[in-house]
Amino acid sequence: MFRKKMWVIVAGVGLSLVASGCSSASNELSDTLRVGYVNERPYSWIDGKDVKGTDIDIIKTCMQRTGGPANLEYVQAEFEGLIPGLQGKRFDVIAGGLLYNDERQKLADATSPTYQFRLAAMVQAGNPHGITTEIESLIAAKGRIGAKQGTYDYEVLVKHPELGDRVAGYDSSQSAYRDLANGRIIAVVDNEALVVQYLNANPNPKLEIVQPFNGVYEPAGAVIWFRKGLESTVDKVNGCIKEIKEDGELTKILESNEYPVEAVTGPDETTPNRN
C-alpha cells in the first residue's frame, strides 16, 4: 500500500505534512478539491507557498466556470503514486500532464484531451551516440536508456522487442537526467515540454536535446484524471475544456506556462467512453 508522506498545500495557507493514507472523503465533492501533483514544470510545480502550472490553471479555471469547489488543496506525490492516490481517495483529481490509456481508464475517469503531448530525447552534449529524432537511432545505439516509471512512454519502451531490456526506470525525470550527465545511460526519453523547461531552468553543458523524438507513439492529448464516482464533475469539466479552447483561454494558460500554443487539441476531440 502507498504509505509515503506527502506535502499538502492549501491555497493561500502554506505547507503542512500529512500521512497519505488518512483520507475519509466520500464520492461527493466537498467545498475543497484535493489536487494530486508531481513537482514538475510545466504541469504543476511549487512556487513559494503556491502551486502553478498548465494543469493547475486548467483545473482552477474549470472549477470557477462550473461552480466547483472554491478551495484547492494540493497534495504532492511521486508520479507512480498519482493513479493509486485517486483510487485511495487521497485526492480527487490529478494535475500532471498524463496521457489517456485504457488501463488508466479502468482505475480513474479521464476528461477530453486538453493539449498535445510530444516526446524528446535528452542526450549527452555533442550527441556521441548519434541519437536522431527517430527511434531507429536509439535501437542502433549501444547502452541503457532512461525513462520515468509510470509514464506511457516508459510502458511502451519496456515492451519494445529491441529496446525493452535496455530501459532503466526512474522515479523522477531529474534523477534520470543526472545519470545521463554522469554517463550512466546514453539518453532519456521524456516529455518535450518538460525537457525543454528543465534545461532552461537548469542549464547543463553536459546535456542537449533532440526534439521531437518520434516512433515511440503518435503525438497524443493530455487529459485531466478524476477519481471514480465524480462522473458529473468530469462532464462539467469536459464542457469547460471545449469552452476554453473556443474562447482562447486555454491558449493563454499555455502561453503563461511557456507551453507551445500549437499544442492545443481540437475543440471536438474526445476520449473514449468511460463505460
Given (1) surrounded by fewer than 21 Cβ atoms within 10 Å (Cβ to Cβ); (2) at pLDDT below 85; (3) in the same structural domain as R41 (by TED's automatic domain parsing), identify the lone condition not met by P272. (3)
Considering only region 73-97, state which residues are touching a helix residue (DSSP H, G or I) at 6+ places or on another chain (Cβ under 7 Å) and within 20 Å of K236 (Cα to Cα). F91, V93, I94, A95, G96, G97
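Would you confirm, using the coordinates I've provided, whether I186 is modelled with pLDDT of 90 or more and closer than 26 Å to Q116 by Cβ?
Values: modelled with pLDDT of 90 or more: yes; closer than 26 Å to Q116 by Cβ: no.
For I186, the condition - modelled with pLDDT of 90 or more and closer than 26 Å to Q116 by Cβ - is not met.
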What are the pairs with Cβ atoms under 8 angstrom where one residue, in region 84-112, is surrounded by fewer than 16 Cβ atoms within 10 Å (Cβ to Cβ) and the other, located anywhere, is among the aliphatic types (A, V, I, L, M) and part of a helix (DSSP H, G or I)? Sequence gap at least six, or different chains. L107/I83; L107/L86
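One line per residue, one yes/no per condition, for (1) closer than 19 Å to I224 by Cβ; (2) in contact (Cβ under 8 Å) with a residue 40 or more places away in the chain; (3) within 15 Å of the chain's Cα centre (by Cα):
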residue: V123; (1), (2), (3): no, yes, no
residue: N127; (1), (2), (3): no, yes, no
residue: S137; (1), (2), (3): no, no, no
residue: K142; (1), (2), (3): no, yes, no
residue: G146; (1), (2), (3): no, yes, no
residue: G150; (1), (2), (3): yes, yes, yes
residue: P161; (1), (2), (3): no, no, no
May I ask you to list the residues in region 200-220 that are of a type in the set (A, V, I, L, M) and crowded, with 16+ Cβ neighbours inside 10 Å? L207, I209, V210, V216, A220
Unmet criterion (only one of (1) hydrophobic (A, V, I, L, M, F, W, C); (2) within 20 Å of S173 (Cβ to Cβ); (3) not in a strand (DSSP E or B)) for L86: (2)
Residue match in region 71-82 (condition: outside any loop (DSSP other than H, G, I, E, B), in contact (Cβ under 8 Å) with a residue 24 or more places away in the chain, within 24 Å of Y198 (Cα to Cα) and of a type in the set (V, I, T)): yes
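When you scan region 115-147, how many residues do you find that are in contact with a Lys or Arg (Cβ under 8 Å, 6 or more places away or on another chain) and part of a loop (DSSP other than H, G, I, E, B)?
Adding up the residues that qualify gives 4.
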Checked region 166-180 for anything part of a helix (DSSP H, G or I), hydrophobic (A, V, I, L, M, F, W, C) and closer than 18 Å to E78 by Cα; matches are A176
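Against the definition (more than 18 Å from the chain's Cα centre (by Cα), at pLDDT 95 or above, on the phi < 0 side of the Ramachandran plot and surrounded by 22 or more Cβ atoms within 10 Å (Cβ to Cβ)), how does I224 come out, yes or no?
On the way: more than 18 Å from the chain's Cα centre (by Cα): no; at pLDDT 95 or above: yes; on the phi < 0 side of the Ramachandran plot: yes; surrounded by 22 or more Cβ atoms within 10 Å (Cβ to Cβ): yes.
Here the answer is no, as I224 does not meet what is asked.
The values are calculated or read from the model by the stated rules, or taken from the named source; none is laboratory data. As the structure is a computational prediction, the values presented were derived from the model and not from experiment. A quick note on method: Cβ atoms are made from the backbone with ideal geometry, for glycine too, and the neighbour counts reach across all protein chains shown.
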